[in-house]
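Please treat every number below as a calculation from the coordinates, not as lab data. Bear in mind that the values here come from a model prediction, so they are computed numbers and not experimental data. All Cβ positions, glycine included, derive from the backbone under ideal geometry; neighbour counts span all protein chains shown.
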Amino acid sequence: MTFELCASRGFDAQAIARRLRQAGLAAPEVQAQGAALQSLVIVPNCDAIVDSFFDALLGIEGFNDIVGPNSDNERLKSAQQKYIRSIGVGFDQREYFESRLRIGSIHQKIGVPQSLYQCTFHLLQCQLIRHIPRQLHSDQAAFENLLQFILKITLLDMSLAVESYCADRVFVLEQSLDGVRGEKERLHKLAVTDGLTELHNHAYTRHSLADALQHATSDSTPLCIIMADLDYFKQINDTHGHLVGDQILRIAAERMLAGARTGDEIGRYGGEEFLFILRNTDIAEGRMVAERVRERINSDAVHAKNIAINISLSLGIAQAREGDTVDALIDRADAALYAAKLGGRDRVCLEHGVAAPAQEDGNAR
């Protein structure tokens, strides 16, 4: 026999000994009580105990819903006989613990309610006590010892079965919760992600910018945004088709991410237009990020349908000001982007009124 459930529930030799002590089944004389239960109660009365036990089960509300109208009662009785014949036999062994844990696991899997499950142990106790031989009633000490053993061994069996039942139930619930969390994460990703580029979508990008603007204001930290637009993208679509255009958008998004810093946020703002959110970044540092992204974009031609297509990016930068709104900040970055387009494309322009350092002018084309 393998001991998978014992191992998973932590029932090594020490844990088994501890559970036996807790149940009052650790004393040496208890083994003799187990043998007495078998010889005096179970062996001569097993069929009667099973019949009475099964009749009692049929009287419990909900039992028929579990076994079903077409259940094989003889098969169920046979399983009950096998279990009853094993009660108290080698109860200090790992095999005994494993079999009881397996009973709870099986009952959980077939959907037996825990409330109904626990009732069955009480019924079993009653049937075992009922079949204690009458002649033993006159020997108060022997009767009390056997009675106590019945209560203790059924308590052990119930504790192990219910423990396994509950552990499996918790595992099922955890799996269900993991599934719910996974589905929630999947739906959240769908809600905030652009399906083509896998960047943030327009709505989430604006939401994130609003959050960044609020934090920049409250923390008195700089915030820059970059509006970027692929140059001549309509011409690419018209010449090579939208599938090639989609491929170029995906590759451009990958290159933007490679050129940006860890923590920079990039969203597809619309069509071939992208919005970068650079937290805790002033416009001078933002311009360096923008130049690095621009260089990444046009570093290599994109190969699609055996055609090499050169792509480039125009970028406009704006830094948040006191009292800025999302729309106001985007408008200034958009105006800077428009200036980059008018200036010949494939270049970075700062918002109006902000001069670029003279030594960096040669980097813009």
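Quick look at the values:
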| quantity | calculated |
| --- | --- |
| Sorted by Cβ neighbour density within 10 Å, fewest at the top, the residues Leu190, Leu275 | Leu190, Leu275 |
| Computed over segment 202-363: relative contact order in percent, which uses C-alpha pairs under 8 Å that are six or more apart | 28 |
| Positive-end extreme of charge dipole, the chain - chosen from Ser115, Leu278, Ala210 (charges on Cβ) | Ser115 |
| Most to least packed among 308-316, 26-34 [average Cβ atoms within 10 Å] | 308-316, 26-34 |
| Those lysines that a straight Cα-Cα span of less than 16 Å connects to Lys341, excepting residues fewer than 8 apart in one chain | Lys234 |
| Extension gain, Ala79 back to Glu183 (0.36 nm per residue minus Cα-Cα distance, nm) | 33.4 nm |
| Length-normalised contact order of segment 146-297 in % [C-alpha pairs under 8 Å, at least 6 apart] | 27 |
| Where Rh is the Kirkwood radius over Cα pairs, Rg/Rh for segment 150-226 | 1.45 |
| Order of Ser164, Ser218, Ser208 under a 10 Å beta carbon neighbour criterion, fewest first | Ser218, Ser208, Ser164 |
| The chain - Rg over Rh from alpha carbon coordinates, Kirkwood radius | 1.39 |
| Sorted by Cβ neighbour density within 10 Å, fewest at the top, the residues Met227, Met256, Met288 | Met288, Met256, Met227 |
| For segment 4-183: rounded, prolate or oblate by the Cα gyration tensor [a/c cutoff 1.5] | oblate |
| Inverse of mean 1/r across different Cα pairs in segment 202-363, Kirkwood, Å | 15.9 |
| Rg(Cα) / (2.2 N^0.38 Å) computed for segment 87-181, rounded to two decimals | 1.37 |
| Integer Hz, Karplus 6.51/-1.76/1.60 couplings in order for segment 217-233, x for Gly and Pro | 5, 6, 9, 6, 10, x, 9, 10, 10, 10, 9, 10, 9, 5, 6, 6, 5 |
| 27 Å Cα-Cα reach of Lys82 towards lysines, excluding residues that sit fewer than 8 places from it in its own chain | Lys109, Lys152 |
